[in-house]
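The values are calculated or read from the model by the stated rules, or taken from the named source; none is laboratory data. The structure displayed is predicted, hence computed values, not measured ones. Don't worry about glycine lacking a Cβ; one is built from the backbone with ideal geometry, like all the others, and counts go over all protein chains shown. What goes into the accessible areas is simple: the full protein's heavy atoms, side chains included, and nothing from ligands, DNA or RNA. Shrake-Rupley method; radii C 1.70, N 1.55, O 1.52, S 1.80 Å.
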Amino acid sequence: MKIIGSVTSPYVRKVRIVAVEKRLEYQFVPEDVWSAGTGIGAQNPLGKVPVLLLEDGCVYDSRVIAEYLDSRAPTQRLIPEGNRERTTVKTLEALADGICDAAITMVLERRFHDENALSPDWMARQAEKVDRALAVMSQTLGKDQFMNGRAFSLGDIACGVALGYLELRFPENTWKQAYPNLLDFYGRMMARASFQETAPPKA
Ligand SMILES: N[C@@H](CCC(=O)N[C@@H](CS)C(=O)NCC(=O)O)C(=O)O
């Protein structure tokens with residue numbers, strides 16, 4: 001099984017962490033989706049990574065891949081089976097992915113526009129999403145060890161990855177000062193081998 005992606009993509013990192021936590025072997029295939037010669041469109045018509053390459057075809061996007069990997073091995077369920085708890089964890093994943101979506105939108109806005117052509121309203125709208133989502137993430141965690149109470153789940157992986165992405169691309173964001181419980185949580189996530197193995201190169 002192969003995971004196609006880049007080392008800086010938070011969605012790619014999320015599914016790689018899931019694979020490591022589930023003790024599933026995979027081969028990482030680097031792909032720069034922004035390069036002129038990328039062939040990613042043949043594996044994912046949406047032109048995005050991650051893509052999971054299986055013997056019988058391609059799987060995308062990261063939420064589908066994470067769910068597939070979790071159900072592939074019975075050890076340590078990262079998505080609880082009970083309907084309500086499962087939905088809570090998937091909502092946490094949506095929250096964390098949403099932070100990444102907004103953050104990446106800001107990164108791309110800067111990459112594809114000159115400084116004077118940036119839309120302040122559009123940037124502010126994305127920044128507000130990140131701010132609100134961080135507040136909810138901190139509130140959800142409270143004094144618990146994990147996002148969904150006592151058990152480690154996909155919600156922790158997604159939230160840890162989103163915080164890592166902010167650290168990488170928006171080091172000026174003050175979440176570490178504003179939310180000490182998230183900082184502690186992030187430290188716990190970064191202590192895991194799965195997070196260490198997939199850490200993006202320092203910018
Ligand atoms: N919802 C998708 C988002 C994937 C995504 O946006 N990946 C970025 C890399 S961080 C990408 O490939 N972007 C290329 C593009 O938008 O053309 C997922 O969860 O897999």
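Annotations
- Within region 45-64, being assigned to a loop (DSSP other than H, G, I, E, B) and near the ligand (Cβ under 9 Å from one of its atoms) holds for 46, 47, 48, 49, 50, 60, 61.
- When the test is whether a residue is under 17 Å from residue 185 (Cα atoms), touching a residue at least 24 places away in the same chain (Cβ under 8 Å) and away from the ligand (no atom under 16 Å from the Cβ), residue 136 passes it.
- Check on residue 48, surrounded by 13 or more Cβ atoms within 10 Å (Cβ to Cβ) and farther than 25 Å from residue 170 by Cβ: no
- Scope region 146-196; condition within 16 Å of the chain's Cα centre (by Cα), assigned to a loop (DSSP other than H, G, I, E, B) and under 19 Å from residue 136 (Cβ atoms); matching residues: 147, 153, 170
- Taking the listed residues 131, 101, 114, the one that is surrounded by fewer than 21 Cβ atoms within 10 Å (Cβ to Cβ) and either within 13 Å of the ligand (Cβ to nearest atom) or in the same structural domain as residue 20 (by TED's automatic domain parsing) (or both) is 101, with no other qualifying.
- Single unsatisfied condition, residue 170 versus (1) touching a residue at least 60 places away in the same chain (Cβ under 8 Å); (2) more than 29 Å from residue 123 (Cβ to Cβ): (2)
- Considering the conditions (1) touching a strand residue (DSSP E or B) at 6+ places or on another chain (Cβ under 8 Å); (2) surrounded by fewer than 23 Cβ atoms within 10 Å (Cβ to Cβ), residue 12 is excluded by exactly one of them, (2).
- Residue within region 154-170 that is over 19 Å from residue 195 (Cα atoms) and charged (D, E, K, R) present: no
- Only listed residue being away from the ligand (no atom under 11 Å from the Cβ) and in contact (Cβ under 8 Å) with a residue 12 or more places away in the chain, chosen from 81, 93, 67: 67
- Subset of region 14-44 (residues that are more than 9 Å from the ligand (Cβ to nearest atom) and assigned to a helix (DSSP H, G or I)): 16, 17, 18, 19, 20, 21, 41, 42, 43
- Condition check for residue 18: within 17 Å of residue 194 (Cβ to Cβ) and open to solvent by less than 30 Å² (accessible area, probe 1.4 Å): yes
- If the condition is being closer than 13 Å to residue 160 by Cβ and among the small types (Gly, Ala, Ser), then region 87-110 contributes only 96.
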